[in-house]
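One structure is given here, and the rest of the page talks about it.
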Amino acid sequence: MTSSVFADEKLLFTPTTATSDAIPTIFAFPNEYTVGITSLGYQIVWATLAMRTDVQVSRLFTDIQESLPREPELLGFSLSWELDYVNILNLLESLNISIRAQERTNNHPIVFGGGPVLTANPEPFADFFDVILLGDGEDLLGNLIDAYKQVRNCDRITQLTALAQVPGIYIPCLYQVEYHEIDGAIASITPISPDIPPVVQKQTYRGNVLSASTVVTQKAAWENIYMVEVVRSCPEMCRFCLASYLTLPFRTASLEGSLFPSIEKGLQVTNRLGLLGASVTQHPEFGELLNYINQPKYDDVRLSIASVRTNTVTKELAHTLAQRGTRSLTIAVESGSEKVRQIINKKLHNEEIIQAAANAKQGGLSGLKLYGMVGIPGEEPEDLDATVAMMKDVKKAAPRLRLTLGCSTFVPKSHTPFQWFGVNKESENRLQYLRKKLKPQGIDFRPESYNWSIIQTLLSRGDRRLSKLLELTRDFGDSLGSYKRAFKELKGQIPTLDFYVHSNWETDMVLPWNHLQGPLPQSTLLKHLAHTGLTAKS
Ligand code: SF4
């Protein structure tokens, strides 16, 4: 079964033969193969390692694996979804490696991690990793391998101290965290010795050649898809948005140097193309890209676009998508209230949303999914009525379009101006209110689980004291109830759930990620917060 899964892969790169003294490495995705192989980030890192003669890499998923080295020196994890940490702990155990970095010896591999979750806030998982890569992987990964080779034969602490000197490489155990109280806020985060940098800067890749699939397979969650990254980050900077703030500045792939040759190569092995990025239609030459894909030789190509900005939904775009197998489009509107959109810096008006719906219908699409949030800081009950009214107007403008409103709860994210806000406890009631009002209008309302938003917030704003809680949660069965039980068990030893999730934090508080510098300094985030007219203080 395993060999047939790997045999089904069409590779778009040529793996090299590793030398006899290559570094035995396992690169894992903490979920099943179908999920992992659909992650563009995982594909890229794996291919980068497989193309090095000095690394002998084997892949590991929760369900299948390649033949693994008996004594790996490096074990990497790509973490795309925070709740997959449970699978990381399980995989470590299955490989007979201590879960906690502090308990590992010279005989254990260096366990490293990267990906969006760890770049945003690695702290709840900090005790499980020896090394965390912060930021874009393009240069970081090679720098890690090169630096490791210099200290390959040294003891563990010498290795970690050397790696800590590489920009973007964070070694959690080399930082000491002090607390005001055992269950209170953080007092300070400092390196344990003067030769360790006090702040680790996330790395930003500045080139205009962005990523593209290195493997296409029918076993991927998006079967046989070839993915190209069209843009990185988003210039809009909605105040809650991690996809924008964490990866700034906005970068675009060059047409001639990146997108056209990539697409040409990928479409030789499949006819399914995915355009990825937080804000794909904002590529300044998006029209030309669409023209390129619309040439006759690509007539049978099925096209998916990850994200479409509402005011770029023209009739032409809808038509192209409808012709190429897309029936429905998703646009993020966040709220029907102009006031709330102003607070979050979403430069969008109700008329544009209504126009987008009309264009989607006229272009031949049969469905439109709007995506919103409740509990955005500054939102009041009347703002929900504005959302209901907007949905009615959209329905009126495009009566035969299948209309859905997906709705989540606002979750504060590190490195955004809204990082200091807690989750509004009214959010659950607000989701129910929208359901009650929209159902009679024939609008399909799909709320996301409020309780999981609470857990997401816990992990998004958590500090390293949570490692104990995460271990217990796993032992208790990894359900929502397990988190509550674990909090009860650790009462008095760590802060409360309320502290992490619902309280508004003072803006002068030491944040769990204070020593990890994102693209914008704290002072800029505070200025952006001030523009909203809100204060985070409870
Ligand atoms: S437009 Fe979308 S991707 Fe861009 S900042 Fe706003 S929410 Fe984020």
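The values are calculated or read from the model by the stated rules, or taken from the named source; none is laboratory data. None of these values were measured; they are calculated from a predicted model. For neighbour counting, all protein chains shown are included, and Cβ atoms are generated from backbone atoms with ideal geometry for every residue, glycine included. In case anyone asks, the SASA skips ligands and DNA or RNA and just uses the protein heavy atoms, side chains included. Shrake-Rupley method; radii C 1.70, N 1.55, O 1.52, S 1.80 Å.
Below is a table of values for the structure above.
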| read-out | value |
| --- | --- |
| All Cα pairs of region 224-448, percent lying beyond 25 Å | 43 |
| Whole-number Å³ per residue for the convex hull built on Cα positions in region 184-325 | 180 |
| Given charges at Cβ of Lys, Arg, Asp, Glu: the chain dipole, positive-most of Ile157, Val374, Tyr170 | Val374 |
| Dipole magnitude of region 206-346 about its Cα centre (Cβ charges: Lys, Arg +1; Asp, Glu -1), debye to nearest 20 | 360 |
| Antiparallel content of DSSP bridges confined to the chain, in %, to 5 | 25 |
| Amide H contacts of Arg402 (H built 1.01 Å from N, under 5 Å, at least 5 apart or other chain) | Gly367, Leu368 |
| Against the rule of thumb 2.2 N^0.38 Å, how large the Cα Rg of region 2-198 comes out | 1.03 |
| Hull-based mean projected area of region 244-285, where the convex hull spans the alpha carbons, in square nanometres | 3.5 |
| Region 224-448: antiparallel DSSP beta bridges as a percent of all, rounded to 5 | 5 |
| Enclosed volume per residue, in Å³, of the convex hull spanned by Cα atoms of region 191-273 | 170 |
| P(r), alpha carbons of the chain - 10 Å bins starting at zero, rounded % | 3, 17, 27, 28, 18, 6, 1 |
| Volume in Å³ per residue [convex hull over Cα atoms, computed for region 284-333] | 76 |
| CD proxy at 222 nm, helix term only [per DSSP H run n ≥ 4: -39500 (n - 2.57); per residue of the chain; nearest 500] | -9500 deg cm²/dmol |
| Accessible area of the chain belonging to carbon and sulfur atoms, whole % at 1.4 Å probe | 50 |
| Size descriptor, Kirkwood hydrodynamic radius, that averages inverse alpha-carbon separations across region 414-531, Å | 16.4 |
| Unit charges on C-beta of K, R, D, E only; dipole of the chain, Debye | 1620 |
| Region 224-448 - accessible surface per residue (Å², probe 1.4 Å) | 39 |
